[in-house]
Amino acid sequence: MSRIWMVAAIGLLATWLFAQTSHYNLGRAASPEETRARDISVRPDGTGLPPGRGTAKIGRLVYEAQCAGCHGPDGRGDRDYRALVGGQGTLAADHPLRTVGSYWPYATTVWDYINRAMPYRTPGNLKPNEVYSVTAYLLYLNGIIEENQELNQETLPKVRMPNRDGFVPDPRPDVKAEH
């Protein structure tokens, strides 16, 4: 019986080693230019935001065309898609409503998420001006900015979100807070 186990172990090891050394000749390494084009990280301080601008008035049109089908015409969601609006004052409740206006700590994070992941069926297809506009519309619906306030690389990081100070810093000595 132990001989069978030994043969099986050697077979598994050989398979694993072969898988680690195999080259399938598929694809190619990304060029530095391609890597830079995919580096779309946006930090809380606005580093990484591209040029662009938008207002809630413009954002309403983009939202109606790209977002309302899932999140509803007023951003309140349904049973399949999360609400984006409301929830202020509910985070300490038994059933908190985590929305853009009640939970998210940075407006730049809202922009980054919309840019990367929305619309759901075609993520990453919105242009920067559309992302700024939808972000402005959601912030407006949550009572955070005025309808005509323009968001851009300079103004978006300055938006103070209601839950900005609601997160507990990581106390581990090897973790540095980056704002």
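The values are calculated or read from the model by the stated rules, or taken from the named source; none is laboratory data. Note that the structure is predicted; figures quoted are calculated from it, not measured. Methodologically, a virtual Cβ is constructed for each residue, glycine included, from the backbone with ideal geometry; neighbour enumeration extends over all protein chains shown.
If a residue must be free of Cβ contacts under 8 Å to residues at least 60 places away in the same chain, in a helix (DSSP H, G or I) and under 18 Å from the mean Cα position of the chain (by Cα), how many such residues does region 37-66 contain?
Within region 37-66, residues that are free of Cβ contacts under 8 Å to residues at least 60 places away in the same chain, in a helix (DSSP H, G or I) and under 18 Å from the mean Cα position of the chain (by Cα) number 2.
Checking the structure you have, find out if any residue of region 8-26 is within 18 Å of the chain's Cα centre (by Cα) and either surrounded by fewer than 16 Cβ atoms within 10 Å (Cβ to Cβ) or under 26 Å from residue 166 (Cβ atoms) (or both).
There is no residue in region 8-26 that is within 18 Å of the chain's Cα centre (by Cα) and either surrounded by fewer than 16 Cβ atoms within 10 Å (Cβ to Cβ) or under 26 Å from residue 166 (Cβ atoms) (or both).
Pairs needed: first member in region 103-128, more than 17 Å from residue 38 (Cβ to Cβ); second member anywhere, among the basic types (Lys, Arg); C-beta distance under 8 Å; at least 6 residues apart or different chains.
105/164; 106/164; 108/43
When region 106-154 is examined, which residues are found to be among the small types (Gly, Ala, Ser), out of contact with any Pro (no Cβ under 6 Å at 6 or more places or on another chain) and either more than 17 Å from residue 58 (Cα to Cα) or surrounded by fewer than 13 Cβ atoms within 10 Å (Cβ to Cβ) (or both)? Let's see the steps before the verdict.
Our first condition is that a residue be among the small types (Gly, Ala, Ser); within region 106-154, this holds for 107, 117, 124, 133, 136, 143.
Okay, now just the ones that are also out of contact with any Pro (no Cβ under 6 Å at 6 or more places or on another chain), so 107, 124, 133, 136, 143.
Across region 106-154, the qualifying residues are 107, 124, 143.
Could you list, in sequence order, all residues of region 75-90 that are surrounded by 13 or more Cβ atoms within 10 Å (Cβ to Cβ) and farther than 18 Å from residue 121 by Cα?
76, 85, 86, 87, 88, 90
Given the conditions (1) in contact with a strand residue (DSSP E or B) (Cβ under 6 Å, 6 or more places away or on another chain); (2) at pLDDT below 85; (3) not aromatic (Phe, Trp, Tyr), which single one is not true for residue 14?
(1)
Are there any helices (runs of 4 or more DSSP H) wholly within region 67-179 with 1 or more residues that are of a type in the set (Phe, Trp, Tyr), at pLDDT 95 or above and in contact with a helix residue (DSSP H, G or I) (Cβ under 9 Å, 6 or more places away or on another chain), and if so which?
Working: elements: 68-71, 107-117, 128-141.
Answer list for region 67-179: 107-117, 128-141.
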